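Heads up: the structure comes next, in structure tokens.
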Amino acid sequence: MQVELMRALGDGTRLAIFERLCAREHTVGELKTHFDVSQPAVSQHLGVLKRCGLVRERRAGRFAHYRARPEGLRPMVQWLTHYRQFWPEKLEALSAMLKEMPDVDAGK
Amino acid sequence: MLMQGNEQIVVDYVLAAPPAKVWRALTEPELLGTWLMQNDIAPVVGHKFTFHAPPRGDWNGTVDCEVLEVVPGSKLVYTWGGGSAKDDGHKMETTVTWTLAPAADGGTLLKLVHHGFHPDDFGFKMMGQGWRSKGAAIERVLAGIS
């Protein structure tokens, strides 16, 4: 999931769309006025963001309204949180092991 | 935390052992297994190896790696796939870089950089200049979830 997530936001236009949708809900037509791309292109970007769980859609009459789903970023945040704790712990273990280890000349 | 412009994990560590000894601890499977995880590493570019540990939480206990760069005694780079991801077929592809430099008193300055993101990815772009100034909305949002 994370890879898709980050690729999705790695596109400049999609990232900009996501930012706008973080601020407030938009229709495709409203979004289009802010970007120099066609309406189908905006819809396609929204589709990618939706599949990644970064955008949610609300239908009201003839229009679909889109807004950001910031909790979709959570896997990325979790990844960072996990490894920020993991490595310092492991390096402590490395340090402890080196103290027990014979000198390099005594090894192979 | 995501918005600190720091989408890689950097850990500097001063070890009391000389670089040659630390190098062994990074590249010999048995030694590496003692402090990190069970593995079949070899410091040979292109070598594919795996770390194994008991599964925990969302992690299936396996990390798939491939050696990308070896400078004996001073630099080791390998890919680090999976890890914390749910096993949904879309594992995280990241890179781990170890650099060793002699420190005072015969010790070693060990630097670990865990790059989480591909250059095409969002995270990598976030490291770039200017992103944060225009990402205020996301920043607020992330402050609420992290």
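Just so it is clear, none of the values below were taken in a lab; they were calculated from the coordinates. Predicted model only: the values in this text are computed from it and were never measured. Because the Cβ atoms are built from the backbone with ideal geometry, glycine has one as well, and the counts that use them run over all protein chains shown.
Rounded to the nearest 10 degrees, the angle from helix A:12-23 to the longest Cα principal axis of chain A is 80 degrees.
Ranked by how many other Cβ atoms sit within 10 Å of their own Cβ, fewest first, the residues B:VAL22, B:VAL10 fall in the order B:VAL10, B:VAL22. Against the main long axis of the alpha-carbon atoms of chain A, helix A:74-100 sits at an angle near 10°.
As a rough footprinting exposure proxy, the listed residues A:ARG24, A:ARG74, A:ARG59 were ranked by other beta carbons within 10 Å of their own, and the order from fewest upward is A:ARG59, A:ARG24, A:ARG74. Take every Cα pair under 8 Å whose residues are at least 6 apart in sequence, average their separation, divide by the length of region B:9-118, and the relative contact order is 28 percent. At q = 0.14, 0.21, 0.23 Å⁻¹, what is the log10 ratio I(q)/I(0) for region A:1-102, with the Debye formula run over Cα points and no solvent? Listed by q, the Debye log ratios stand at -0.59, -1.02, -1.16.
Proximity of backbone amide H atoms, modeled 1.01 Å from N, is registered between B:ASN60 and B:GLY83 at under 5 Å, excluding neighbours fewer than 5 places apart on the same chain.
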